[in-house]
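Worksheet for the structure shown next.
Just so it is clear, none of the values below were taken in a lab; they were calculated from the coordinates. These numbers were taken from a predicted model, which means no experiment stands behind them. Neighbour counts run over all protein chains shown; Cβ positions are idealised from the backbone, glycine included.
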Amino acid sequence: MNLRAVTSIYQFEMARAGRTLLQSLVSPVLSTSLYFVVFGAAIGSRIQEVEGVSYGAFIVPGLIMLMLLTQSVSNASFGIFFPKFTGTIYEVMSAPISYLEIVLGYVGAAASKSIILGLIILGTSTFFVDLHIQHPFMMVLFLVLTAVTFSLLGFIIGIWADGFEKLQLVPLLVITPLTFLGGSFYSIDMLPPFWQAVTLANPVVYLVSGFRWSFFGISDVSVIASLLMVAVFLAVSLAVVSWIFRTGFRLRP
């Protein structure tokens with residue numbers, strides 16, 4: 001394992017986040033604060049509690065997961081797309097480092113930025129609601145696994161995309177709608193039986209539900225199912241990344 005190469009890629013990507021601090025950090029935190037104002041104040045005045053948890057606190061895991069999914073995909077996709085766009089990716093690939101080390105550098109940096117952002121949003125939420133995390137270890141586990149998995153997905157999107165427009169296609173048209181419809185701001189038990197069954201086909205439901213369980217001990221689906229869904233996501237993403245480097249898909253000129 002060439003740790004120096006992995007560290008160099010990782011540090012370069014983390015430094016890029018520091019140069020775009022307003023976009024990388026301040027903007028998501030402000031957006032989250034607005035969600036608290038709109039959903040917590042407006043809707044929270046009508047929905048006092050959900051399964052014994054105040055509505056303001058209930059939406060915290062959903063907000064963190066929303067930001068975590070979108071930021072993981074965006075950070076990783078842009079991180080690998082820009083070197084491909086400028087042509088510097090070929091210098092990286094010709095260096096004496098393995099594909100695994102390249103993935104570790106780019107995906108590790110994207111996941112780290114998303115985890116840091118998620119923790120900052122968690123800290124920001126304490127200014128609006130009282131939070132007591134019942135299962136902190138499981139909370140960190142879900143946070144890390146989800147960030148790594150969707151950073152891998154973003155890495156795949158960054159290689160697949162042949163233009164800046166495609167980088168935003170999946171986050172805007174797929175990830176964000178699935179997260180909003182995945183129980184981020186409500187319990188699926190509040191839906192009619194038919195729509196509950198339809199919602200269970202949304203994989204994001206399992207991520208949000210498991211993450212919420214780590215906070216309050218309540219969930220729409222079993223925690224085992226949530227962990228299995230994350231594991232399936234991770235395995236599929238790793239398989240696709242492995243196939244990309246074996247075939248040179250969108251990497252060979």
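Below is a table of values for the structure above.
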quantity	calculated
FRET efficiency, Arg16 to Ala235 (Cβ-Cβ, R0 30 Å, nearest 0.05)	0.55
Ranking of Ser242, Ser33 by count of other Cβ atoms within 10 Å, fewest first	Ser242, Ser33
Angle between the chain longest axis and helix 203-216 axis [Cα atoms, degrees, rounded to 10]	60 degrees
Ser242-Gln168 FRET efficiency (beta carbon distance; Förster radius 35 Å; 0.05 resolution)	0.85
Length gained when the stretch Thr88-Thr176 is fully extended (0.36 nm per residue, less Cα-Cα span)	28.6 nm
Whole-Hz ³J(HN,Hα) from phi, Karplus 6.51 cos²θ - 1.76 cosθ + 1.60, for the range 157-165, glycine and proline x	5, x, 6, 5, 5, 10, x, 5, 5
Two-site label geometry, His135 and Tyr99: point separation in nm, points 7 Å out along Cα→Cβ	3.5 nm
Cα→Cβ-extended label distance, 7 Å offset, between Ser222 and Leu34, nm	4.1 nm
Rounded to 10°, Cα long-axis angle of helix 3-19 versus longest principal axis of the chain	60 degrees
Pairwise FRET efficiency - Trp195 versus Ile47, Cβ, R0 = 22 Å, nearest 0.05	0.80
